[in-house]
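Peer 1: Pasting a structure here, questions to come.
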Amino acid sequence: MTKQGQSAASLSDINLTAGRVMLVLLVLVATTIVAAPAAQAQSFTVLHSFTGGLDGANPGVGLTMDGGDHLYGTAALGGATGSCSFPDGCGTAFRMTHAGSGWTLAPIYSFTSNPSSRVTIGPDGTLYGSNYESLYNLRPPATPPFSVLTSWTETVIYQFSFNDGNYPIGDLVFDREGNLYGSNYDGGVVNTCSGGLGCGTVYELTLLQGVWTLARLYVLTGQSDGTDPMSGVLLDQSGNVYVASSQGYYDNGAQWGALFELTPSGSGWTETTLHDFQDGTGIIPVGGLISDSAGNMYGTTVATTGGGGGGTIFKLSSLGSGRIFDTLYTLSGGGSGRTGPEGKLLLDASGNLYGTTYAEGAYEKGSVFKLTPGNGGWTYTSLHDFTGGSDGANPLDGLVMDSSGNLYGTTYAGGNTGSRCDAGFNYQCGVVFEIAP
């Protein structure tokens, strides 16, 4: 998960530190919180513990489910020896298959550039994702493989330059017409933001006669729109695009960030800042946004003012043409630095929210939580506290849920140790886990 020429020692910094600087949250409307004792889940299972070999190591993003029988994901390190100049490997894509009462993992591709996003299943049923320079498509073999280790085929569908954006990171999203949307952490206009690398961009890719063509929808300015988006974009049914930026340079030198909307307008797009993170409790909204059927949006921050604390869960309620910002829950924290949610939330059919924290919980190695609405507030339930042992540690992304209510996710650390796993985490390789209701 590195740019060309970066050293092995810098990998954990790319995953955990790049661009995730402190932001301050303005809480417009407070919501009553219903406190509840922590309650652990009935069943926690490690489905796979990575080794740093062909299966990969240190999954820095979450999983994608294709309907219940398969889970897809990527690992930041490991993979086939010789497939990458990086000594610890450039990572893998893998597929997990539900067989009987368990799951089996098979690597489907060894990357030559570290993956930087969760994979997305496109309208054609194949996988799309990003590394630190380009967007790719992964397709299975044209004929059934004779071995579970048979590699899929990677095609680079777009190679970025600094003008159209750099360092694509975060989930990719398809619209109903099959167009692909995403964001870049930096690039766009050089000599601005990120040490002169640019403030980031939002883009759309359109497939025309077998060729993907990029349209740059918006270049961030580092003003009220913030800078350096890390979580991709959210689309609504009207074609509007929503973005969470992780920083901003205009608030008296502080780096706060914002939530903004892009609305189609003639031949261009109009930007509207929905919320500016400053002078409050929550900072670093890197997890991005999700929405419910009513158009309300939900997101997270990973810490609180001063760089510590557990972060917050927030809601942007839809109110006519405007939005009302509410803090739904403030996490308790624990440990040092930012400890709260790094990934997207998950919303179930009953309106419950699920997420992970990076370094909260009883052992300060991260946790899985549930927020249940009711009586004008939200009840917090701890589903699992990671120990840093065989159960994993430090999840960096959110969860997926199957039709039976089982939750699936990844941790960046914990589990096995291996020589090709991240040295910054004591060579721990990470796990895939399941939590049953």
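The values are calculated or read from the model by the stated rules, or taken from the named source; none is laboratory data. Everything quoted here is computed from the prediction, not taken from an experiment. Note: ideal-geometry Cβ built from the backbone for every residue, glycine included; neighbour counts use all protein chains shown.
Peer 1: If residue 90 meets every condition in (1) under 19 Å from the mean Cα position of the chain (by Cα); (2) not in a loop (DSSP other than H, G, I, E, B) apart from one, which number is that one?
Peer 2: In the conditions (1) under 19 Å from the mean Cα position of the chain (by Cα); (2) not in a loop (DSSP other than H, G, I, E, B), residue 90 misses (2) alone.
Peer 1: Just to be sure before I move on: is residue 318 touching a Gly at 6+ places or on another chain (Cβ under 7 Å), closer than 18 Å to residue 275 by Cα, surrounded by fewer than 20 Cβ atoms within 10 Å (Cβ to Cβ) and touching a residue at least 24 places away in the same chain (Cβ under 8 Å) in the structure I sent?
Peer 2: The answer is yes for residue 318.
Peer 1: When you scan the stretch 198-212, how many residues do you find that are surrounded by fewer than 17 Cβ atoms within 10 Å (Cβ to Cβ) and polar (S, T, N, Q)?
Peer 2: Residues flagged as surrounded by fewer than 17 Cβ atoms within 10 Å (Cβ to Cβ) and polar (S, T, N, Q) within the stretch 198-212 amount to 2.
Peer 1: If residue 117 satisfies every condition in (1) touching a strand residue (DSSP E or B) at 6+ places or on another chain (Cβ under 6 Å); (2) surrounded by 17 or more Cβ atoms within 10 Å (Cβ to Cβ); (3) over 29 Å from residue 67 (Cα atoms); (4) not charged (D, E, K, R) but one, which is the exception?
Peer 2: Tallying (1) touching a strand residue (DSSP E or B) at 6+ places or on another chain (Cβ under 6 Å); (2) surrounded by 17 or more Cβ atoms within 10 Å (Cβ to Cβ); (3) over 29 Å from residue 67 (Cα atoms); (4) not charged (D, E, K, R), residue 117 fails exactly one: (3).
Listed here are the residues, each with its yes/no results for (1) closer than 30 Å to residue 193 by Cβ; (2) buried (at least 24 other Cβ atoms within 10 Å of the Cβ); (3) at pLDDT 95 or above.
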position	(1), (2), (3)
15	yes, yes, no
32	no, no, no
47	no, no, yes
52	no, yes, yes
102	no, no, no
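Peer 1: Within the stretch 103-124, how many residues are among the β-branched types (Val, Ile, Thr) and in a loop (DSSP other than H, G, I, E, B)?
Peer 2: 2
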